[in-house]
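I have placed the structure first, in the form of structure tokens, so that the comments after it can refer back to it.
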Amino acid sequence: MSKAKGGDGGGDGHLSMSPEQMLELARQTAELVVQRIENLPGEGAWEGEFRRELEDRLLKPPPEESRSASQVIEEAAREILPVALRLDHPRCFGFIPSQPTWPGVLADFMIAGFNINQCSWLTSSGPSQLELVVIDWFRRWIGYPESAGGLLTSGGSAANLDALVAAREAANNPERASLYMSDQSHSALVKAARVIGIRPECIRMIPTDGRFRMDMDALVETVAEDRAAGLSPIAVCANAGTSSSGAIDSLEAMADYCEAQSIWLHVDAAHGGFAIVTEEGKKILSGIERADSVALDAHKWFFQPYEVGGLMVKDVRTLERAFAGKHDILQDTVWGADHPNFSDRGLQLSRSVRALKVWMSVQTFGMAAFRRAVSHGMDLAHRIEEYVEDSSVLEMLTPAVLGIACFRVRPADTDLGEEVFEEINRTVLARVFWEDRAFVSSTLLHGTFALRMCVINYSTTWNDVHETLEVISKFGTESLIRTD
Ligand SMILES: Cc1ncc(COP(=O)(O)O)c(C=O)c1O
């Protein structure tokens, strides 16, 4: 179906460019980006600068007159964009790194060029169908029934927020709502709880066991106490896995409990969710298919450029009940059954075509390559664990899972006290930061300072990981000698 074309254009062209100029600038931009990617392994994984210095360079009023577009692009690529953490560096192990595929990057460029607003079927039927396709892939990977559905979001925070709105509405928006998550849950969940209006004292942080999984007895006790006090639990949030250590809550036990209690079970799988495409991931995430909702982040472990997360709900009507609304100016966008308007499933009205990057990447490389890339991250984390177990200087703090390993400098036969070990590990971290190419970050595990490596970039090799571990061991040994 297409509409007739007409008219002869208009406008005075002050913001237009000729096709030749557009192509030339696109070529220049592509060359700069590819050059950056090629040079990345030889450079440091981090670059940063203090605000004063950056202000001196950048704080200028907007120019009244035009400048050379080529120079503007050059300035962005040389002066601004490199001053950042290079999350796609093969030695970026901090936080949750992210290495997009090139088709994903190109998809973002195309999306901007085609300038589609994917709020409704009317404005974007092709892209809306594509989002349905990608959502259906996610549905099958999770093991959800056909009644399930969802949407692509800006990331995990938005997916968690939309999930909690759906949970609150499914519970009939009770006045004294309460929500449950573990002390390892991501701050994005706490933020989402605040946004949906849960009172701070009703956001219940349940303690975790020695492996950082929610203590089920504590959950059961807390919910019972809260119910007795007149609160209405609207959801229990499970982790799969935590961003600190990758810990996965006992999803089956939580599903049993939530089913028995008629409480919405939400799984924050923003970090670990895409492990589900591998055999190992399927095993360790078993039970996720029983949750009412699952948040996933394709811009983390599915190798896509920011921003693309996803929210899946077991019954898509729960999302539409929570978000669909009537609006006079949008009355023409109603296409009827089976033609969803994605703005009826989440917060955003104007939306970009996030499905394209996922689709183009998978079409280009095939799922086998994605499975191998995700497995590779898990294998590297297991190899870190083996290395640490064999080391006389390092100690694992919890088993490696979902591409994350947490350990610290602490020789088995040396007891210097917790404070000294924390100091030593902070020093090691700072030295890696300033003296090495790699970027490593830290976390606190039940108060213990941990060095944390998240090894999920597809170009990261064992050599990248091993050399970083050797550097950490060397700095650790030097710090231990100094404290002797
Ligand atoms: C477990 C978990 N949940 C939620 C988030 C927030 O996701 P986003 O940064 O995509 O908003 C993160 C981010 O690292 C995460 O690891």
Seminar exercise, completed: Considering region 249-277, residues that are touching a Phe, Trp or Tyr at 6+ places or on another chain (Cβ under 9 Å) and of a type in the set (V, I, T), and then whichever is surrounded by the fewest Cβ atoms within 10 Å (Cβ to Cβ), we arrive at V277
For this session: Filter region 211-228 down to residues that are surrounded by fewer than 19 Cβ atoms within 10 Å (Cβ to Cβ) and assigned to a loop (DSSP other than H, G, I, E, B) and give me whichever is farthest from the ligand (Cβ to nearest atom).
Result: D215
Problem set entry | Extreme residue, farthest from T460 (Cα to Cα), among residues of region 72-98 that are charged (D, E, K, R) and surrounded by 15 or more Cβ atoms within 10 Å (Cβ to Cβ) | E75
Problem set entry | Scope region 409-453; condition assigned to a strand (DSSP E or B) and surrounded by 16 or more Cβ atoms within 10 Å (Cβ to Cβ); matching residues | V409, F439, S441, S442, T443, L445, T448, F449, A450, L451, R452, M453
For this session: Filter region 267-289 down to residues that are more than 23 Å from A158 (Cα to Cα) and within 16 Å of the ligand (Cβ to nearest atom), then give me how many there are.
Result: 2
Exercise. Scanning for something more than 15 Å from the ligand (Cβ to nearest atom), without any contact (Cβ under 8 Å) to a residue 60 or more places away in the chain, farther than 30 Å from S350 by Cα and assigned by TED's automatic domain parsing to the domain that holds K300, does region 132-146 turn up at least one residue?
Worked result: no
Exercise. Within the set of pairs 6 or more residues apart or between chains, which connect a residue that is in the same structural domain as A188 (by TED's automatic domain parsing) and within 14 Å of A255 (Cα to Cα) inside region 288-314 to a residue that is assigned to a helix (DSSP H, G or I) and within 12 Å of the ligand (Cβ to nearest atom) with Cβ atoms less than 6 Å apart?
Worked result: S293/A163
Problem set entry | Filter result (of a type outside the set (A, V, I, L, M, F, W, C) and more than 16 Å from the ligand (Cβ to nearest atom)) within region 148-179 | G149, R168, E169, N172, N173, P174, E175, R176, S178
For this session: Determine whether region 121-130 contains at least one residue that is buried (at least 21 other Cβ atoms within 10 Å of the Cβ), in the same structural domain as L356 (by TED's automatic domain parsing) and in a helix (DSSP H, G or I).
Result: yes
Seminar exercise, completed: Within region 295-319, the count of residues that are more than 25 Å from P103 (Cβ to Cβ) and either assigned to a helix (DSSP H, G or I) or within 12 Å of the ligand (Cβ to nearest atom) (or both) comes to 4
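Residues checked against (1) within 11 Å of the ligand (Cβ to nearest atom); (2) surrounded by 18 or more Cβ atoms within 10 Å (Cβ to Cβ); (3) in contact (Cβ under 8 Å) with a residue 60 or more places away in the chain; (4) outside the structural domain of V294 (by TED's automatic domain parsing):
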site	(1), (2), (3), (4)
L189	yes, yes, yes, no
R194	no, no, no, no
C202	no, yes, no, no
M205	no, no, no, no
D209	no, no, no, no
G230	no, no, no, no
S243	yes, yes, yes, no
Exercise. What pairs can you find where one residue is in region 259-274 and closer than 18 Å to A240 by Cα, the other is acidic (D, E), and their Cβ atoms are less than 6 Å apart, with a gap of 6+ or different chains?
Worked result: W264/D292; L265/D292; A270/D297
Seminar exercise, completed: Contact list, first residue from region 323-343 and without any contact (Cβ under 8 Å) to a residue 24 or more places away in the chain, second anywhere and surrounded by 15 or more Cβ atoms within 10 Å (Cβ to Cβ), beta-carbon distance below 7 Å, six or more apart or interchain, is A324/D344
Problem set entry | Residues of region 327-380 satisfying the condition of being assigned to a helix (DSSP H, G or I), exposed (fewer than 15 other Cβ atoms within 10 Å of the Cβ) and hydroxyl-bearing (S, T, Y) | T364
Exercise. If I198 satisfies every condition in (1) part of a helix (DSSP H, G or I); (2) more than 16 Å from the ligand (Cβ to nearest atom); (3) surrounded by 15 or more Cβ atoms within 10 Å (Cβ to Cβ) but one, which is the exception?
Worked result: (1)
Seminar exercise, completed: Counting only residues in region 387-399 that are in a helix (DSSP H, G or I) and in contact with a strand residue (DSSP E or B) (Cβ under 9 Å, 6 or more places away or on another chain), the one surrounded by the fewest Cβ atoms within 10 Å (Cβ to Cβ) is identified as E389
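The values are calculated or read from the model by the stated rules, or taken from the named source; none is laboratory data. Predicted model only: the values in this text are computed from it and were never measured. For neighbour counting, all protein chains shown are included, and Cβ atoms are generated from backbone atoms with ideal geometry for every residue, glycine included.
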